[in-house]
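Take a look at the structure set out below.
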DNA sequence: CGCGCTATTTATAAAAA
DNA sequence: TTTTTTATAAATAGCGC
């Protein structure tokens, strides 16, 4: 049943689309209900079935839906349009956060690259084939690995000494 | 990381609830977006964060949300309240459907019970310990298993004959 | 059509960092 | 506390009846 990874685009095949629609509508309403119960949040979901005049909703009661809509339309501090901070500092913050994340990713990628190189070496790749620029980082990785190994050996030793079973 | 099966009830622990809320709000908005894109459905989700005046929504644009709400409030054949059939026959139908489902479940459970008994027997439980009332069903299960085995043996034989690799 | 199944993907609870 | 990771539960695509 070779289920392929979801491509997020309009499903052209009519029947497939219908089936998916039914499944996902149920899923969505269920998720809405769960969020409401688990976290005590005011939440509503309204779905219009295509080519029909039928709307399905959660909560199911028309009254409750109207209450939530009413709140939405009348709350002064509505939605995300009204921030506690001005637009510029908000954006600055966002950019900084993204940069930090990117840096972490890069670091992580670099580590993984190094691990791959180590694996290649262990599999017989000659050290001469490693790019010169990688050698420094490689050394760092190897040192850190050595430290880990020594640390674990020490723990193991302590364990064996204290619990000589 | 023993994640237990979700108990659908208000999460008392404040921190747990907050974390769950953030995750599930994101999940819910994402599911809403996916349904909309995959199936081309008009759909919206509105969430009020607890203890705040902030609402998060999908679609994000206030204009689009208002459009969907407007539809909801003005469509004549709104929602499930307007059925094509009268209430009584609808309920009768529902009850019958549920009963059928229950019967199927019972049957399935019975099968699983029998399989457990077979397992116990194979593990050395004496046949005398099996309840008398179960013996008949047990025989049925065993016969069906035997048929399956014979069927597969047959297939295997055909395969070997046709493709004598 | 709608149900049930199952391989996979996705979501997420809880632990670790 | 927030973030990341990990392991498990839940959703669901594709298929057959």
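Some observations on this one:
- Scanning the stretch A:13-53 for residues being within 11 Å of DNA strand D (Cβ to nearest atom) and farther than 30 Å from residue B:52 by Cβ gives a total of 10.
- Residue A:33 meets the stated requirement of being more than 8 Å from chain B (Cβ to nearest Cβ) and free of Cβ contacts under 8 Å to residues at least 40 places away in the same chain.
- Residue within the stretch B:18-38 that is outside any helix (DSSP H, G or I) and more than 21 Å from the chain's Cα centre (by Cα) present: no
- The stretch B:39-56, residues that are free of Cβ contacts under 8 Å to residues at least 24 places away in the same chain, within 29 Å of the chain's Cα centre (by Cα) and outside any loop (DSSP other than H, G, I, E, B): B:39, B:45, B:46, B:47, B:48
Yes/no matrix, rows are residues, columns are (1) surrounded by 13 or more Cβ atoms within 10 Å (Cβ to Cβ); (2) more than 8 Å from chain B (Cβ to nearest Cβ); (3) within 13 Å of DNA strand C (Cβ to nearest atom):
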{"position": "A:12", "(1), (2), (3)": "no, yes, no"}
{"position": "A:17", "(1), (2), (3)": "yes, no, yes"}
{"position": "A:20", "(1), (2), (3)": "yes, no, yes"}
{"position": "A:23", "(1), (2), (3)": "no, yes, yes"}
{"position": "A:26", "(1), (2), (3)": "no, yes, yes"}
{"position": "A:46", "(1), (2), (3)": "yes, no, no"}
{"position": "A:49", "(1), (2), (3)": "yes, no, yes"}
{"position": "A:57", "(1), (2), (3)": "yes, no, no"}
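- On the stretch given as the stretch A:78-130, residues that are loosely packed, with under 12 Cβ neighbours inside 10 Å, modelled with pLDDT under 60 and not in a helix (DSSP H, G or I) total 5.
The values are calculated or read from the model by the stated rules, or taken from the named source; none is laboratory data. Quick caveat: nothing in here was measured; it's all calculated off a predicted structure. Glycine also receives a Cβ, built like all others from the backbone with ideal geometry; neighbour counts cover every protein chain displayed.
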